[in-house]
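Here is the structure we will look at, set down as structure tokens.
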Amino acid sequence: SSHSIRWLLRALEPNKGASVKLQVDPQQKGNFVIRADATADRNLSDTQEHSLAVEGIAALLFEVADQVDPIEVGGITTYSIQVTNQGTEAASNVQLLAEVPAGMEAVPPQGPAKYQVQGNLVRFQPIVRLAAKEKASYSIQVRGRIQGDQRFKVEMTSAETRTPVIEEESTFVYSDQ
């Protein structure tokens, strides 16, 4: 309750030191000062301060899942894409690019951002700011055209990630003929 820790060092030899360790778990962002006060017999004392800056980070998680698998040739499934900022700081310019496999065709997608369909690519406009703990959901419907294992791929980028994060979801397309 006093936000302090006390250690009792029984005796120190002349010209010898002792050390103690303090490990902290920051609960909020900001600039803090850690102060150490030492006192001893004969009115000896010293105070040292250390500045500590606690910063937040964006930590993006995204998941891709098909709602129906397998599907028949001509059948439709929907890929749900969820992006979650698990971090303590907002993420910026979060963008998704989905690649629809050659054996499927995209039906117009839905999401929190505008999109463009260019051939087999679905590119969503970036989300300018995804706050800490906030989620964004997307869905893309596809129609199976060719029998076989189809791999739907999604790439996510943001201002905070240096390389794209890639997720892939497999859907099997079958034919009764």
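Below, the figures for the structure above:
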quantity	calculated
Positive-end residue, region 1-157 charge dipole about Cα centroid, Cβ charges, pick of L96, N120, V142	L96
Reachable lysines from K29, criterion Cα separation under 18 angstrom, eight or more residues apart if same chain	K133
Accessible area expressed per residue, region 97-137, with surrounding protein chains retained (probe 1.4 Å, Å²)	59 Å²
Of all accessible heavy-atom area on region 1-126, the percent that carbon and sulfur account for (1.4 Å)	47 percent
Centroid-to-centroid separation of region 118-177 and region 19-75 [C-alpha atoms, Å]	32 Å
Calculated Rg and Dmax of the Cα atoms in Å (choose from (i) 18.7, 55; (ii) 27.6, 97; (iii) 14.9, 45), label	(ii)
Total formal charge among the other residues, if their Cβ is under 14 angstrom from that of T77, Lys/Arg +1 and Asp/Glu -1	-3
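The values are calculated or read from the model by the stated rules, or taken from the named source; none is laboratory data. This structure is a prediction, so every number in the text was calculated from the model and none was measured. Cβ atoms come from the backbone with ideal geometry, glycine included; neighbour counts cover every protein chain shown. These accessible areas exclude ligands, DNA and RNA; they are computed on the full protein's heavy atoms, side chains included. Shrake-Rupley method; radii C 1.70, N 1.55, O 1.52, S 1.80 Å.
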